[in-house]
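Have a look at the structure below before the remarks.
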Amino acid sequence: MPSFEALCGRLFGQAGWMPKMLWGGALTFIPVVNFLPLGYIMEYTLRLSRTGDVDLPDWKDFSLLELFSSGCKLALLFLGYLILPVFLGWGVSEFLDLLTFGFLGVAAYLPVGIGAFAGMYLFLSGVRSYARDGLYADAWRIREVATLAGSAYRALIFPILSFWGLCLLAFPLYGFAFFIGVLSLLAYSSALFREIEKDS
């Protein structure tokens, strides 16, 4: 199994990684324009799935239209697999809080955390399903995506916890935290799923 720490070391140890991350993080703050860094992440993941090369491509390697189109695809996967479970968890939490008259306190919001955690598994698996064959429809085969997520649940616990920890700690700089975190997670999960598929 690949090592998350080793992969991050390779990712952030290569020459010229800082400007690429700074551009991605900065653009993430700007509405509509933020589809471009999402597109960069998606294109990087597709390239990584094809070649296994973790080197970050230059931004100029892609056209604006290509980045925007890929960014829309990644945003839809993010919305369907992560944001929706978080909102469902939030609804359940609010209902529990109302039902128990606030007696459960912060424990009533456990479903939000479960939604965020489970949703990230599904999101990573959905992106992998798309990247594997380049068919976007494959990313929405929910049963297969869930099965793929289940096959890697142990290996992804620490990376997902790291992602949410980074987002919470660096919340004022959420654009940079999100861009760096999602890119790192997808790089690791791509390598992980490749190993799992090779062994099966």
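The values are calculated or read from the model by the stated rules, or taken from the named source; none is laboratory data. Fair warning: this is a prediction, and the values are worked out from it, not measured in the lab. Neighbour counts are summed over all protein chains in view; Cβ atoms, including those assigned to glycine, are modelled from backbone coordinates with ideal geometry. These accessible areas exclude ligands, DNA and RNA; they are computed on the full protein's heavy atoms, side chains included. Shrake-Rupley method; radii C 1.70, N 1.55, O 1.52, S 1.80 Å.
Output the 0 to 90 degree angle, nearest 10, between the alpha-carbon long axis of helix 142-151 and the longest principal axis computed from the alpha carbons of the chain.
Here the helix axis deviates by roughly 80 degrees.
Take the eigenvalues of the Cα gyration tensor for the chain, scale each by 5, and report the square roots as semi-axes in whole Å, largest first. Could you put the intermediate results ahead of the total?
Values: eigenvalues 160, 79, 55 Å².
Taking √(5λ) for each eigenvalue gives 28, 20, 17 Å, largest first.
Calculate one ³J(HN,Hα) per residue across the range 66-72 by plugging θ = phi - 60° into the Karplus curve 6.51 cos²θ - 1.76 cosθ + 1.60, and present them in order as whole Hz with x for glycine and proline.
Karplus values, whole Hz, x for Gly and Pro: 5, 5, 5, 4, 5, x, 5.
From the backbone phi of the range 33-42, what are the Karplus-calculated ³J(HN,Hα) couplings (6.51 cos²θ - 1.76 cosθ + 1.60, θ = phi - 60°) in whole Hz, Gly and Pro given as x?
Per residue, the Karplus-derived 3J(HN,Hα) values read 4, 5, 6, 5, x, 5, x, 4, 4, 5 Hz.
Sort largest first and round to whole Å: the equivalent ellipsoid semi-axes of the range 1-97, each the square root of five times a Cα gyration tensor eigenvalue. Mind showing how you got there, number by number?
Details: eigenvalues 161, 69, 35 Å².
Over the Cα atoms of the range 1-97, the ellipsoid semi-axes are 28, 19, 13 Å.
In degrees from 0 to 90, rounded to the nearest 10, what is the angle of the helix 110-133 Cα long axis to the longest principal axis of the chain?
30
Tell me which chymotrypsin sites (Phe, Trp or Tyr not before Pro) from the range 1-86 have a DSSP coil assignment and no more than 16 other beta carbons within 10 Å of their own. Don't skip to the end; give the middle numbers.
Details: sites: Phe4, Phe12, Trp17, Trp23, Phe29, Phe35, Tyr40, Tyr44, Trp59, Phe62, Phe68, Phe78, Tyr81; in loops: Phe12, Phe29, Phe62.
Answer by residue number: Phe12, Phe29.
Roll a 1.4 angstrom probe over the protein heavy atoms and tell me the percent of accessible area of the range 48-191 that is carbon or sulfur. It would help to have the intermediate numbers written out before the result.
Numbers: 5620 of 7630 Å².
It is 74 percent, rounded to a whole number.
Give me the Debye-computed log₁₀ of I(q)/I(0) at q = 0.11, 0.13, 0.15 Å⁻¹ for the range 97-200, equal point scatterers on Cα only, no solvent, two decimals.
-0.42, -0.56, -0.70
Per-residue accessible area for Asp133 at 1.4 Å probe radius, Å² rounded to 10?
100
Considering only protein heavy atoms, what per residue accessible area in square angstrom results for the range 60-114 with a 1.4 angstrom probe?
Roughly 65 Å² per residue, with all protein chains present.
Hey, what's the range 118-187 come to in accessible area per residue, 1.4 Å probe, Å²? Please list the in-between numbers first.
Values: 3340 Å² over 70 residues.
Dividing the accessible area of the range 118-187 by its residue count gives 48 Å².
Would you compute, from DSSP H runs of 4+ residues alone, the mean residue ellipticity of the chain at 222 nm, taking -39500 (n - 2.57) per run and dividing by the full residue count, rounded to the nearest 500?
Details: 9 runs with 145 residues, N = 200.
That comes out to -24000 deg cm²/dmol.
With all protein chains present, calculate the accessible area of Thr147 using a 1.4 Å probe and round the result to the nearest 10 Å².
About 90 Å², ignoring ligands and nucleic acids.
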